[in-house]
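The values are calculated or read from the model by the stated rules, or taken from the named source; none is laboratory data. What you see is a predicted model; the values in this text were computed from it and never measured. Glycine also receives a Cβ, built like all others from the backbone with ideal geometry; neighbour counts cover every protein chain displayed. These area figures cover heavy atoms from the full protein model, side chains too; ligands, DNA and RNA do not enter into them. Shrake-Rupley method; radii C 1.70, N 1.55, O 1.52, S 1.80 Å.
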Amino acid sequence: MTDRGPDERIVLAIHGGAGVIARETLPADVEAAVRRDLADALTAGGQALLRPGGTSLDGVEQAVRVLEDSPVFNAGRGSVFTRERTIELDAAIMCGQTLRAGALAGVTSLKNPISAARTVMERCEHVLMIGAAADRWCAEHGAEVVPPEYFHTPNRLLELEEKLLAAAKTGSEIEPRTSSIAALTQDHRFGTVGAVALDRAGNLAAGTSTGGRSMKRSGRVGDSPLIGAGTYADNASCAISATGDGEFFIRVCCARTIAALVEYQGLSLQRAGEEVLFRKIQPLGGAGGVIILNRRGEAAFPFSTLGMYRGFLTADGRIDVQIYREDSVP
Ligand code: ASP
């Protein structure tokens, strides 16, 4: 990608998950809700980022909060169920200037895991906290706590019941790749949300939040909260948030590998992302996408699935939301 003028620099990029998202199968009302909520996230993130003193961490946190609050995405409210019918949330945030990071896995009561992850980053001596003790620590440090039902949505429950039924019929432990409900709306395996941002001081940040994979076992942790797998930010290279088959993203250290290809090999953002998605993850059998942003305001949105919910905001306030492969690239 060529150098962008100061006003055309991308300052915030977001995703709402990658998967089997095709124009023919995505109902108009779901598409409208997705586009509206992605635009709202860019607006909220942009306001936090572009106000005097706003930082890339503010932009990431506020954008992701909007997506966590939306029932459309697999993060916060609307997250997928485990096969034990619980909802267990993962999130991470990272500062590209200091390489400080905060992450949570398997939390069940925090309304906005991305904000709680930021509190871990800023106030805890550890990087990654898990389970009930993490819920407790965050509550004691001001996180908003909600009952488990807050996260439940009827569609996600239906989706789980259908998948459990299909798995029982086939005797398969493995989640079937599509189901009639999933096909009606989207491929619900994914739907994780994430953001990468660049502030006026030239600092990058990245954040990711998710309910994980639908039909996951209770206790399973995906790539999103693992620094270097689903989330990474380093001013020396770029900021990355990933979505897709977490097990594969963990095994290839997806986000950190992309940053290393940019830092040490001088690859473009697009090429670095494609290298990991298509040359590392795809041959193993995994699929997904990443959003990548550097300090010049260049962004890339490579994905190996049919579509990826995504969008960006430029320094002059232009918002663009894209879903399908054929949508224009910035
Ligand atoms: N990467 C997430 C996970 O494996 C799922 C997703 O991106 O939707 O937990």
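Structure values in brief
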{"item": "Hey, ARG213 open to solvent by 10 Å² or more (accessible area, probe 1.4 Å), of a type in the set (D, E, K, R) and within 15 Å of the ligand (Cβ to nearest atom) or not", "result": "yes"}
{"item": "Residue check for SER70: touching a strand residue (DSSP E or B) at 6+ places or on another chain (Cβ under 7 Å) and buried (at least 21 other Cβ atoms within 10 Å of the Cβ)", "result": "no"}
{"item": "Residue pairs meeting the criteria (Cβ under 6 Å; at least 6 apart or on separate chains; first under 12 Å from ARG85 (Cβ atoms), in the stretch 211-228; second surrounded by fewer than 21 Cβ atoms within 10 Å (Cβ to Cβ) and of a type in the set (S, T, N, Q))", "result": "SER218/THR86"}
{"item": "Some residue of the stretch 85-105 being touching a helix residue (DSSP H, G or I) at 6+ places or on another chain (Cβ under 7 Å), part of a loop (DSSP other than H, G, I, E, B) and hydrophobic (A, V, I, L, M, F, W, C)", "result": "yes"}
{"item": "Of all residues in the stretch 112-133 being over 20 Å from the mean Cα position of the chain (by Cα) and of a type in the set (A, V, I, L, M), the one that is nearest to ARG77 (Cα to Cα)", "result": "ALA132"}
{"item": "Matching residues, the stretch 163-176, being open to solvent by 50 Å² or more (accessible area, probe 1.4 Å) and either closer than 21 Å to THR108 by Cβ or modelled with pLDDT of 85 or more (or both)", "result": "LEU165"}
{"item": "Some residue of the stretch 289-296 being part of a helix (DSSP H, G or I), of a type in the set (D, E, K, R), open to solvent by 70 Å² or more (accessible area, probe 1.4 Å) and out of contact with any Leu (no Cβ under 6 Å at 6 or more places or on another chain)", "result": "no"}
{"item": "Number of the exception - GLY76 against (1) in a loop (DSSP other than H, G, I, E, B); (2) surrounded by fewer than 24 Cβ atoms within 10 Å (Cβ to Cβ); (3) modelled with pLDDT of 95 or more", "result": "(2)"}
{"item": "Residues that are more than 9 Å from the ligand (Cβ to nearest atom), in a loop (DSSP other than H, G, I, E, B) and touching a residue at least 40 places away in the same chain (Cβ under 8 Å), drawn from the stretch 237-265", "result": "SER237, CYS238"}
{"item": "Conditions (1) buried (at least 19 other Cβ atoms within 10 Å of the Cβ); (2) more than 9 Å from the ligand (Cβ to nearest atom): number failed by ASP223", "result": "(2)"}
